[in-house]
Amino acid sequence: MPADLYAESYVDLPVARSWAPPAPRPASSNRPRGIAVGPGGEVYVVDSDNARVQVFSPDGTFLRQWGSYCAMDTGSGCLDPDGSGPLALGDGQFNEPWGITVDGDANGGAIRVYVADTWNHRIQVFDGDGAFVVKWGTLGQLPSASGGEELFYGPRDLVVDSQGRLFVSDTGNKRIMVLSLMGPTWPSGWRWPESPAALKSRSG
């Protein structure tokens, strides 16, 4: 086998606290791939293989969850969350979500939770309690990092900075998407990438 290029950089760290054992309970997790801490200290986890977001208190107490499985390309598992209401088929559902970030600054103090819904090739936004707010993105593979700003191919991670910009790793398209969250009214003030950059494909 080839040598482990990272072996010399491994660091063993003590575990201060752990929770969510792998079992079929609301507080359990199956391949949690992303984690973020909200302004009040609540811990948001994308429970990837269970297609949901879980929320815990700082000491690990389970608080709430939302989401279920939906593959938008086939319609498998997809539900209409409000029947004849304004929401669409699959809103608030996920297909192997990987990334999550929480912001409370760009929206007048209101918490927004951004989730990379990886294999539905989109970003979904929720309030702090899990109510669906907005989504954007659709499947598309590009020959270069420029253009096609509405397209994603397996976005893996995302983060909001102090200037109200959302950075998304559009992994399959080998680029970083930079979106401004600031506008005359949220969320209608979205502007598309300011500075996409080509990268080698990487997860997270």
query = Which order, highest average first, do 7-17, 93-103 follow once you tally other Cβ atoms within 10 Å for each residue and take the mean per peptide?
reply = 93-103, 7-17
query = Say each of residue 150 and residue 76 gets a label point 7 Å from the Cα, pointing the same way as Cα to Cβ; how far apart are those two points in nm?
reply = 2.7 nm
ask   = Among 57, 18, which comes first, second and so on when ranked by fewest other beta-carbon atoms within 10 Å?
value = 18, 57
inquiry  = For a quick check: with amide H placed at 1.01 Å from N, whose amide H comes under 5 Å from residue 42's, ignoring anything fewer than 5 positions away on the same chain?
reply    = none
remark   = For the range 51-62, in residue order, the Karplus 3J(HN,Hα) values (coefficients 6.51, -1.76, 1.60; θ = phi - 60°; whole Hz; Gly and Pro = x) are 6, 7, 10, 10, 10, 10, 6, x, 8, x, 6, 5
Efficiency of FRET from Cβ geometry, residue 30 and residue 8, R₀ 30 Å, rounded to 0.05 = 0.40
remark   = Taking Lys and Arg as +1 and Asp and Glu as -1, residues besides residue 117 with C-beta under 9 Å from its C-beta add up to +1
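Stretch residue 89-residue 68 to full length: gain in nm at 0.36 nm per residue minus the Cα-Cα span? Show your work: numbers first, answer last.
Values: separation 21, 0.36 × 21 = 7.56 nm, distance 1.24 nm.
Working it through step by step, the gained length comes to 6.3 nm.
Note down the net charge around residue 126, summing +1 for each Lys or Arg and -1 for each Asp or Glu among other residues with Cβ under 14 Å from its Cβ.
Working: positive: 52, 64, 112, 122, 135; negative: 42, 91, 103, 117, 127, 129.
Result for the local shell: -1.
For residue 161 and residue 18, FRET efficiency with R0 = 30 Å and r from the beta-carbon atoms, rounded to 0.05?
Values: r = 29 Å, r/R0 = 0.97.
Plugging the Cβ-Cβ distance into 1/(1 + (r/R0)^6) gives 0.55.
Laboratory data are not the source of any read-out in this text; all were calculated from the coordinates shown. Just so it is clear, the model here is predicted, and its values are computed rather than measured. Counting neighbours? That spans all protein chains shown, and the Cβs are built from the backbone with ideal geometry, glycine included.
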